[in-house]
Amino acid sequence: MPVAWNEDDPRDEAVLVRNLSQVLRELVQGSRLRQVPSVAMAQEWHRKIYEGIRLPVAYYAGEIRDSDPKFPELDGYEVQVGRHLGVPSAQVPSELANYEAALREAVAVLDNEIPIFRYPDDPDQFLSLLTLLAYAHGEWVRIHPFANGNGRTARLWANWCALRYNLPAFVRLKPMLDQYLSPRPRRSAS
């Protein structure tokens, strides 16, 4: 039976926030490159998010649930969020291949409609972009490819899509980065 990973260790919160902040900065910096979306990108984000974090099994960071013998703890690792089951681990690779293909097709269309450095300039473009964000987030959560951290990765996908088309990264990451990144009140000199 695989070793469960259900929650982050609270002692790691500051490192987690720092890592998430760095990944988000990298997404902002790379947003104009219009990189082809790939599952490998998300795996790298996941590795960076969990760098220096206490994990039950080290390779849980960035590796997907499936039947790869190199990662035995992820073979048969099934997930459930509330009453909702994630995709069975044996189906995760094919679901991710479909996800990647759908994202690539969608961004190819939007890239032709929304030039670099331009905002969506009509309601249909904006609706298409919002649909892409919803798909990128929702499908990642449905597939639940990692042992944990799928919600964070799904929010990064949504922000990646927004940034690609000149919108701000408006999907809030958890833990909430703004509580750590906002300026602290200064103490009075008295």
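A search for C-beta distances below 7 Å between a residue of the range 54-69 that is within 19 Å of V87 (Cα to Cα) and at pLDDT below 95 and any residue that is part of a loop (DSSP other than H, G, I, E, B) and among the acidic types (D, E), counting only pairs 6+ apart in sequence or on different chains, returns nothing.
D68 falls short on exactly one of the conditions (1) farther than 26 Å from R25 by Cα; (2) in a helix (DSSP H, G or I); (3) not aliphatic (A, V, I, L, M), and that condition is (2). Scanning the range 18-41 turns up one or more residues that are of a type in the set (A, V, I, L, M), closer than 20 Å to Q91 by Cβ and either surrounded by fewer than 19 Cβ atoms within 10 Å (Cβ to Cβ) or in contact with an Asp or Glu (Cβ under 8 Å, 6 or more places away or on another chain) (or both).
Of everything in the range 115-155 that is over 25 Å from A90 (Cα atoms) and among the β-branched types (V, I, T), the residue that is modelled with the highest pLDDT is T131. Considering each residue of the range 125-135 in turn, none proves to be in contact (Cβ under 8 Å) with a residue 40 or more places away in the chain, buried (at least 18 other Cβ atoms within 10 Å of the Cβ) and not charged (D, E, K, R).
Residues of the range 87-120 that are without any contact (Cβ under 8 Å) to a residue 60 or more places away in the chain, surrounded by 12 or more Cβ atoms within 10 Å (Cβ to Cβ) and assigned to a loop (DSSP other than H, G, I, E, B): V87, P88, I114, Y119, P120. Within the range 137-166, residues that are within 16 Å of W5 (Cβ to Cβ) reach partners that are basic (K, R) and part of a loop (DSSP other than H, G, I, E, B) with beta carbons closer than 8 Å, at six or more positions or on different chains, in the pairs H144/R65; P145/R65; F146/R65; A147/R65; G151/K174; R152/K174. Considering the range 121-161 alone, what residues qualify as being over 13 Å from the mean Cα position of the chain (by Cα), small (G, A, S) and assigned to a helix (DSSP H, G or I)? Selection gives S128 alone. For the range 138-147, a residue qualifies if it is surrounded by fewer than 21 Cβ atoms within 10 Å (Cβ to Cβ) and more than 15 Å from H84 (Cβ to Cβ), but none of them does.
The values are calculated or read from the model by the stated rules, or taken from the named source; none is laboratory data. In this text, all values refer to a predicted model and were calculated from it rather than measured experimentally. Neighbour counts are summed over all protein chains in view; Cβ atoms, including those assigned to glycine, are modelled from backbone coordinates with ideal geometry.
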